[in-house]
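**Student:** Input: one structure, supplied below.
The values are calculated or read from the model by the stated rules, or taken from the named source; none is laboratory data. The shown structure was predicted, so the numbers you read here are calculated from the model rather than taken from an experiment. Glycine gets a Cβ as well: all are built from the backbone with ideal geometry, and neighbour counts include every protein chain shown.
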Amino acid sequence: MRKINIILVTAFVGLMTNCKTGIEDSSVNPAYKALYEKFNGKYEIISSTSSEPVDINGDGNKSNDLLNEIPFLNESKVEIRISTDVLKNKYSGIFEQFWPEQYFTIDGKLQEPEIFDSSINISYQVQGLPRNVYIKEELRIIEVIEENEVPNGKRHTIPSSVSYKNDNTIEIETEKALLMREGWKTIKLNSIYRRTSTKL
């Protein structure tokens with residue numbers, strides 16, 4: 001079982017004392033109610049940058065702006081489902097990031113190339129992989145739990161960190177392998193998402 005800590009940087013003291021919640025179950029810890037109100041919902045991508053300039057779309061121009069480089073990245077989203085029934089559930093919620101994953105067709109067959117070739121057809125599919133999260137007692141750390149090995153390590157990459165920023169935005173950092181004209185390259189991605197709905 002693979003575990004990665006996701007740190008939620010927020011002032012829970014003020015949140016616990018000032019936040020009003022519509023969740024009336026008195027058996028639920030008030031801090032979890034506050035977490036539900038703070039994070040539960042849908043998030044849309046507003047920016048995504050790479051640690052170095054890359055040319056993923058093959059137009060000959062390198063850029064750090066991945067919204068211009070990765071097709072369909074503007075359709076990326078995040079869903080966070082926080083469970084307030086912590087007395088019954090083993091986990092505290094679900095985290096799912098939908099991302100345009102690369103797929104390759106070589107001679108009419110889907111397969112993974114070892115090197116770049118101009119004859120390879122590269123397509124993108126926006127896909128997500130739900131992962132359980134466990135919220136620890138101090139309510140600042142979330143463990144994202146990878147119970148099963150992902151068949152293709154280049155797709156559905158688990159975030160290395162997720163942090164709450166402000167104004168309903170979260171920052172996600174990921175290391176991801178992508179195929180471009182210069183071959184496979186692992187780059188660091190920094191993506192910002194803004195919550196657009198508290199409903200799922």
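**Student:** Looking at region 153-173, can you tell me whether even one residue there is at pLDDT 70 or above, under 30 Å from Asn61 (Cα atoms), among the aromatic types (Phe, Trp, Tyr) and assigned to a strand (DSSP E or B)?
**Tutor:** no
**Student:** For residues in region 75-109 being assigned to a strand (DSSP E or B) and aliphatic (A, V, I, L, M), which is modelled with the highest pLDDT?
**Tutor:** Filtering region 75-109 for residues that are assigned to a strand (DSSP E or B) and aliphatic (A, V, I, L, M), the one modelled with the highest pLDDT comes out as Val78.
**Student:** While we're looking at this one, here's another question. Only one of (1) modelled with pLDDT under 90; (2) surrounded by 15 or more Cβ atoms within 10 Å (Cβ to Cβ); (3) over 26 Å from Asn61 (Cα atoms) is not met by Glu147, so which one is it?
**Tutor:** Here Glu147 clears every test but (2).
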